[in-house]
Amino acid sequence: MIYISIVSFVIGIVFEQVFGMGWSVGVFVFFISVIIYFILPRDRKYWGKIFLLVGISLAVGIFRMALINNFPDAELAKKVGEKVELVGEIVEEPDGRDANVRYVVTLENSKSKILLIANRFPEYKYGDRVKVSGKLDLPKNFEGDNGLEFDYISYLSKDDIHFLIWEPSLELLENKNGVVTKIFSALYSLKHYFIAGIERVVPEPNASLLSGMIFGAKQSLGADLLDQFKIVGLVHIIVLSGQNITIIAAGVFLLASYYLERNKAFLLSSITIFLFVLMVGLSAPAVRGAIMAVIAILAKYLGRPHAALRWLFISGLVMLLVNPTLLLNDPSFQLSFAATFGLIVFTPLVARRILFITPKFELREIVASTIAVQIFILPLLIRMSGQVSIVSFLVNPLVLPFTPIIMGLGGLAGGLGLFLPPAGWLAWVPGIVAYFFTGLIIKIVEISAELPFAAVSIGALSIFSIFVWYGIYAFLYFKLTPPGLRPPSP
């Protein structure tokens, strides 16, 4: 019943976000389901309960989405196109790019946030209270390199960002020194120190690839190489996504369980996830991805995927109750949930069909997990990118089993690279090995991206197409999975 309820709740959110008909539709659905329940004869009360549960869940989803007050500040909206002077606090880690840096500022006396696309220098940091001067503008949707329109307005609005200012003048007013600010500032500083430590011992572009794999800091990788990673369907290893965290967590657990007891392997992989989230600054996408990654490895640790699947749905429900706009507007949430679901449900199905791969070192399980995740997130990736990477099903199983090792080497090199000689010289040992493996990945990506038909553009998928695609997955799953291995009705 819990799956039916949660899926109906999600459909209610989608319906309201797509059609925007308001809470009155939820009231109508609720009363219709109650009426049908009471008028059904006694021998059909079971189906009446199902219909009532679906109706109530749909109504709750519609209500929750309709209650979202995710609109720009009306007074500030009147000043769009004008030069303004505003005061606010930088509330996220600055996002440094090659040509500029992006700050998210929460304004005083306003519920809205502003995105600032500013010059690289002078630099400001998380927690700084600043005065902002510049022309106030609204975000606009834009066409990406794949020719598809990216809904930038909705993407920003999920975080209450409704305005932006290009090349503003900034003046530092105050350095915040609260406990929370100090904790996050320390975490961000530690992250940058680690990246600097990696750069001391690993040349570019390998250093940027390592930083991207560990922290999601892909901006310095270069546009050409970044495009090649997209073509071969491997860009997820250098962005901070739940898909990446899930695959890495599963890889750490499976590799560790080959050498350690399963409870120790579970502890080690959980600690790895916790440290990773700390190092990236406890950002919301990382925390959500970490929760789902823990659920994924819990399924493997307990050997009870059905229990983990139930917890996955419950955790997704809680996240959507807090912010239902994540469902359609946050690619990180979508990939996190889909990757974890695919890993839990489809890995056994894939593993039974790749018996030619050796089970030693948990290699068959690692490859099965990778393929299962790739298959299940494919519709979402096509919707986001508008293309299908033909070579991704070869490149991902080839590369991903080594990513936990590479990340471990990169973290060790970065940590040791923080020290001065003589301890600092030790960083060269893992740094050289990491340089070799990252160089191998780069070469595989470059060769694969040059293959004919490495990626095929097919355009974006509609939401209806996504539902149909996953409906086909459901049909194939129940067709190919023996009844005893299917999830029981909770």
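The values are calculated or read from the model by the stated rules, or taken from the named source; none is laboratory data. Quick caveat: nothing in here was measured; it's all calculated off a predicted structure. Cβ sites come from the backbone with ideal geometry, for glycine too, and all protein chains shown count toward neighbours.
Just one residue in the set LEU53, LEU86, LEU107, LEU76 is over 30 Å from ASP128 (Cβ atoms) and of a type outside the set (S, T, N, Q); that residue is LEU53. Taking the listed residues ILE183, ILE161, the one that is touching a Lys or Arg at 6+ places or on another chain (Cβ under 8 Å), β-branched (Val, Ile, Thr) and without any contact (Cβ under 8 Å) to a residue 60 or more places away in the chain is ILE161, with no other qualifying.
Select, from LYS218, LYS158, the only residue that is closer than 20 Å to ASP330 by Cβ and modelled with pLDDT of 80 or more. It would help to see each step written out before you state the result.
On the way: LYS218 fails: modelled with pLDDT of 80 or more.
Just a single option satisfies the conditions, and that option is LYS158.
Each row is one residue, and each column tells you yes or no for (1) at pLDDT 85 or above; (2) within 24 Å of GLY134 (Cβ to Cβ).
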site	(1), (2)
TRP23	no, no
LEU40	no, no
ASP43	no, no
GLU82	yes, yes
GLY96	no, yes
ALA99	no, yes
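Checking each residue in region 160-185 for being over 24 Å from the mean Cα position of the chain (by Cα) and assigned to a strand (DSSP E or B) picks out ILE165, TRP166, SER169, LEU170, GLU171, LEU172, LEU173, GLU174, ASN175. Run down ILE354, ILE314, ILE271, ILE291 and say which single residue is surrounded by 19 or more Cβ atoms within 10 Å (Cβ to Cβ) and out of contact with any strand residue (DSSP E or B) (no Cβ under 7 Å at 6 or more places or on another chain). ILE291 is the lone residue from the list that is surrounded by 19 or more Cβ atoms within 10 Å (Cβ to Cβ) and out of contact with any strand residue (DSSP E or B) (no Cβ under 7 Å at 6 or more places or on another chain). Pairing each residue of region 449-462 that is crowded, with 16+ Cβ neighbours inside 10 Å with any residue that is assigned to a loop (DSSP other than H, G, I, E, B) and of a type in the set (Lys, Arg), provided the two are 6+ apart or on different chains, yields no C-beta distance under 6 Å. Residues of region 136-153 include at least one that is touching a residue at least 12 places away in the same chain (Cβ under 8 Å), within 28 Å of ASP73 (Cα to Cα) and touching a helix residue (DSSP H, G or I) at 6+ places or on another chain (Cβ under 6 Å). Report, by residue number, each residue of region 61-72 that is closer than 12 Å to GLY22 by Cα and either more than 25 Å from the chain's Cα centre (by Cα) or at pLDDT below 90 (or both). Matches in region 61-72: PHE63, ALA66, LEU67, ILE68.
In the set (1) touching a residue at least 12 places away in the same chain (Cβ under 8 Å); (2) under 26 Å from LEU187 (Cβ atoms), PHE121 fails one condition alone, (1).
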